[in-house]
Amino acid sequence: MVNKAVITDLIKNFDVSFNILRADINPKGGKMLIEINGSEAEKGIEYIEKAGIDVSPVKRVVKKDKDLCIDCGACVSICPVKAIVIEDDWTVDVNDTECVGCKLCTYSCPTKAIKVVE
Amino acid sequence: MKTIEEINQRIKDGDAVVVTAAEMTQIVKENGADKAADEIDVVTTGTFGAMCSSGAFLNFGHTDPPIKMTKTYLNGVEAYSGIAAVDSYIGATQPSRIPEIGIDYGGAHVIEDLIRGKDIELIASSYGTDCYPLTDLKTHVNIENLNEAIMVNPRNCYQNYAAAINTTDEIIYTYMGTLLPNMGNVSFSSAGVLSPLLNDPYFQTIGMGTKIFMCGAEGYVIGEGTQHNTEVQRKNGVPVNGAGTLMLKGDMKQMDPKYVRGATMPKYGSTLYVGLGIPIPIINSDIAQKTAISDEDIVCQIMDYGTPKRSKPVVMESNYKQLRSGSVEINGVEIETSPLSSYKKALEIALELKSWINKGDFLLSNPVKLLKSEGCSPRPLEIRRQTVLVNEIKSKPLITANPNDDIRDVAKKMVQNSINHLPVVDADQKLLGIVTSWDIANAVAKGKTMLKDVMTKKVVIAREDEPVDVIARRIDKHEISGLPIISKNNRVMGMITAEDISRLMCARNLKDGV
Ligand code: SF4
Ligand code: SF4
């Protein structure tokens, strides 16, 4: 644990927005699962690494429920890494290996058909 | 020239030639409209999109003792029951009355669950009369035990619809889906080449009484939909934006859950995905030509949904070939596009309707009255009270600070003027950041002295010409209490605070007697 308001400085000094998804902090140290977005996200991550925090990207799998999905395509253009594509037969497909787990698709799907599991 | 009767005879004889609208485009391209009109009898269309203006009339049957229901809730979603004693209308966009559920389960979901055959909890209440003494009840209903469950959608099947983009620097959630900041994506809705009303753009065959495919059952067009608009600018014979609409009716007891779906647009509301297919009788070569329209010929305007105004600025014009390709180019930048309505389902519907007709199960109907093709343009609703713009609000004299100011001086300034926010500006009055009393307290606690070390650099701002209501929503969204007002040439003009706005609202309500 670093004895500094790292996160506070992060938001103040960089153009980032973030979500604390989980926090597990005790006097000896702790872990936080955060999602960092924004134009300076990478610089921001560099900054917290320099401040002495271990940063490791989370491994996740993205799953689409075939019965719930209506193949509308609403999730396609919002995926930052083009992991979601429309196939030749107009089925919407998600490419697990490309996914970075940002969950934007999960949040935007009108039928809640797509989930990211850690 | 062919009549509907002649086409129906061919359907009954098993001789009718039926193709989808996508196939027809190819056929006319290869053989010409005259030959296509001779050979083809029916073109089937399809769409499966979010249609908010949908709902259903339900008749529950009479209880013993009887009740004259004045409030009804289906799985917690209110239905309108100011119609007789045991009828109600459940609208697709009505959210659950339970705050934790809200838009995640709305009228659209109730409709889907009914069609799926699920049991739905019904809670009803009443004031009680001599002939209807019962004042409340709680029971379960389902599609089997309802007397009638009739879907009546006031406005479906938009003839074309603008695509959406967001030019602001924040993500926004709209009925057109999630729109990424800084023109990060484009969302479009129409089924393009398969879209029913784009294949009969002047309503030469569609009208009151036209039999259609509606959510897997037979349904009917019962007239123009609300906001039916015939005066939208056309290119290649079809409107470039939302235009004609349909009012539809269908029996939910016959519907197939495969072709209807309750959904929720995040942070917007619930909506119903409705599967529709309309058969277009090829009565002459003119209609054959119209059904031959291609995705490339259907122009679609891309509008800025970042502007929360009635008329949104057009960012550019595109067409469905481009939109469906996965990206469009705007100012030299590739921007990803994606549909909001399912083309896969639209095609499935066009093919399903085609097979119904081929099997002789579905005959075409002669409309009693064609839809209006001219003279309709919806009027806007003018509000009595004028929107107040930011620069019309009386704000306190402008007080600012400079980045190199000492924090103690800044604190003094804030106390003297009893303000909680201070914009930090450069020599030209250009905004550099903002500081709040909380930041100051924080700085003192941490032993910092220079203002520039504690100010927030990312500032949510208000423009002089924005309506105050828009600012109120922004304050709410960002959970902040004040924003600097910025002029066209980026100078700080003042501050607008939550207090200013509530004072204005109070004064306004007093005046209006609300
Ligand atoms: S947004 Fe949801 S329903 Fe639409 S294609 Fe993506 S996963 Fe399927
Ligand atoms: S979670 Fe993010 S990266 Fe993964 S598929 Fe969804 S939108 Fe793409």
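Looking only at residues in the range A:61-92 that are on the phi > 0 side of the Ramachandran plot and surrounded by 21 or more Cβ atoms within 10 Å (Cβ to Cβ), the one that is farthest from ligand 2 (Cβ to nearest atom) is A:Asp71.
Does B:Gly49 fit the bill of being out of contact with any helix residue (DSSP H, G or I) (no Cβ under 6 Å at 6 or more places or on another chain), in a strand (DSSP E or B) and not assigned by TED's automatic domain parsing to the domain that holds B:Lys354? Yes; evaluated as a whole, the condition is true for this residue. For the range B:371-405, give me each residue that is over 30 Å from B:Pro484 (Cα atoms), among the charged types (D, E, K, R) and without any contact (Cβ under 8 Å) to a residue 24 or more places away in the chain. Once the filter is applied, which keeps residues that are over 30 Å from B:Pro484 (Cα atoms), among the charged types (D, E, K, R) and without any contact (Cβ under 8 Å) to a residue 24 or more places away in the chain, the range B:371-405 yields only B:Arg379. Out of the residues in the range B:325-370 meeting the condition of being within 24 Å of B:Lys211 (Cβ to Cβ) and free of Cβ contacts under 8 Å to residues at least 60 places away in the same chain, tell me which one is nearest to the other protein chains (Cβ to nearest Cβ). Filtering first and then ranking leaves B:Ser355. Every condition in (1) out of contact with any Leu (no Cβ under 6 Å at 6 or more places or on another chain); (2) polar (S, T, N, Q); (3) modelled with pLDDT of 95 or more holds for B:Ser189 except the one numbered (1). Go through the residues of the range B:149-157 one by one and say whether even a single one is over 30 Å from B:Met316 (Cβ atoms), open to solvent by less than 60 Å² (accessible area, probe 1.4 Å) and assigned to a loop (DSSP other than H, G, I, E, B). No, that holds for no residue.
With respect to B:Leu381, is the statement that it is assigned to a loop (DSSP other than H, G, I, E, B), in contact with a strand residue (DSSP E or B) (Cβ under 6 Å, 6 or more places away or on another chain) and away from chain A (no Cβ under 14 Å) true? Spelling it out, it is not the case that B:Leu381 is assigned to a loop (DSSP other than H, G, I, E, B), in contact with a strand residue (DSSP E or B) (Cβ under 6 Å, 6 or more places away or on another chain) and away from chain A (no Cβ under 14 Å). Between B:Leu134, B:Leu58, the distinction of being surrounded by fewer than 19 Cβ atoms within 10 Å (Cβ to Cβ) and at pLDDT 95 or above belongs to B:Leu134 only.
Which one of A:Asp65, A:Asp89 is within 14 Å of ligand 1 (Cβ to nearest atom), facing another protein chain (nearest Cβ under 8 Å) and more than 21 Å from B:Asn185 (Cα to Cα)? Sole residue among the options that is within 14 Å of ligand 1 (Cβ to nearest atom), facing another protein chain (nearest Cβ under 8 Å) and more than 21 Å from B:Asn185 (Cα to Cα): A:Asp89. Within the range B:488-514, the residues that satisfy the criterion of being within 26 Å of B:Ile171 (Cβ to Cβ) and not in a strand (DSSP E or B) are B:Lys488, B:Asn490, B:Ala498, B:Ile501. So is B:Leu483 without any contact (Cβ under 8 Å) to a residue 40 or more places away in the chain, in contact with a strand residue (DSSP E or B) (Cβ under 7 Å, 6 or more places away or on another chain), surrounded by 15 or more Cβ atoms within 10 Å (Cβ to Cβ) and within 28 Å of A:Glu40 (Cα to Cα) or not? Considered against the rule, which asks whether it is without any contact (Cβ under 8 Å) to a residue 40 or more places away in the chain, in contact with a strand residue (DSSP E or B) (Cβ under 7 Å, 6 or more places away or on another chain), surrounded by 15 or more Cβ atoms within 10 Å (Cβ to Cβ) and within 28 Å of A:Glu40 (Cα to Cα), B:Leu483 comes out as yes. Would you check if B:Ile293 is in a loop (DSSP other than H, G, I, E, B), surrounded by 16 or more Cβ atoms within 10 Å (Cβ to Cβ) and at pLDDT 95 or above? So B:Ile293 fits the description; yes. Taking only the range B:172-189 into account, find how many residues are open to solvent by less than 10 Å² (accessible area, probe 1.4 Å) and either assigned to a loop (DSSP other than H, G, I, E, B) or not assigned by TED's automatic domain parsing to the domain that holds B:Tyr158 (or both). Of the residues in the range B:172-189, 1 are open to solvent by less than 10 Å² (accessible area, probe 1.4 Å) and either assigned to a loop (DSSP other than H, G, I, E, B) or not assigned by TED's automatic domain parsing to the domain that holds B:Tyr158 (or both).
Contact map, the range A:97-109: residues that are free of Cβ contacts under 8 Å to residues at least 12 places away in the same chain paired with residues that are near ligand 2 (Cβ under 6 Å from one of its atoms) and assigned to a helix (DSSP H, G or I), Cβ distance under 7 Å, separation 6+ or inter-chain. No pairs are found. Scanning the range B:239-259 for residues that are touching a helix residue (DSSP H, G or I) at 6+ places or on another chain (Cβ under 6 Å) and either within 14 Å of chain A (Cβ to nearest Cβ) or surrounded by 23 or more Cβ atoms within 10 Å (Cβ to Cβ) (or both) yields B:Gly244, B:Met255, B:Pro257. Consider B:Lys321 carefully, then state whether it is at pLDDT 95 or above, touching a Gly at 6+ places or on another chain (Cβ under 7 Å) and open to solvent by 10 Å² or more (accessible area, probe 1.4 Å). Considered against the rule, which asks whether it is at pLDDT 95 or above, touching a Gly at 6+ places or on another chain (Cβ under 7 Å) and open to solvent by 10 Å² or more (accessible area, probe 1.4 Å), B:Lys321 comes out as no.
The set of residues from the range B:430-441 being loosely packed, with under 15 Cβ neighbours inside 10 Å and in a helix (DSSP H, G or I) comprises B:Trp438, B:Ala441. In the range B:90-128, of all residues being in contact with a Gly (Cβ under 8 Å, 6 or more places away or on another chain) and without any contact (Cβ under 8 Å) to a residue 40 or more places away in the chain, the one that is surrounded by the most Cβ atoms within 10 Å (Cβ to Cβ) corresponds to B:Ile90. Within the range B:160-179, is even one residue at pLDDT 95 or above, more than 28 Å from B:Lys2 (Cα to Cα) and out of contact with any strand residue (DSSP E or B) (no Cβ under 9 Å at 6 or more places or on another chain)? Looking for residues that are at pLDDT 95 or above, more than 28 Å from B:Lys2 (Cα to Cα) and out of contact with any strand residue (DSSP E or B) (no Cβ under 9 Å at 6 or more places or on another chain), one finds none in the range B:160-179, hence no. Looking across the range A:92-118 at every residue that is among the charged types (D, E, K, R) and within 15 Å of A:Ile34 (Cα to Cα), the one that is nearest to ligand 1 (Cβ to nearest atom) is identified as A:Lys103. Looking only at the range A:93-109, decide whether some residue is assigned to a loop (DSSP other than H, G, I, E, B), facing chain B (nearest Cβ under 7 Å) and open to solvent by 70 Å² or more (accessible area, probe 1.4 Å). Checked against the condition, which is being assigned to a loop (DSSP other than H, G, I, E, B), facing chain B (nearest Cβ under 7 Å) and open to solvent by 70 Å² or more (accessible area, probe 1.4 Å), the range A:93-109 yields no hits at all.
The values are calculated or read from the model by the stated rules, or taken from the named source; none is laboratory data. Bear in mind that the values here come from a model prediction, so they are computed numbers and not experimental data. Here the Cβ is made from the backbone with ideal geometry for all residues, glycine too, and neighbour counts use every protein chain on show. Just the protein is used for accessible areas: all its heavy atoms, side chains included, with ligands, DNA and RNA removed. Shrake-Rupley method; radii C 1.70, N 1.55, O 1.52, S 1.80 Å.
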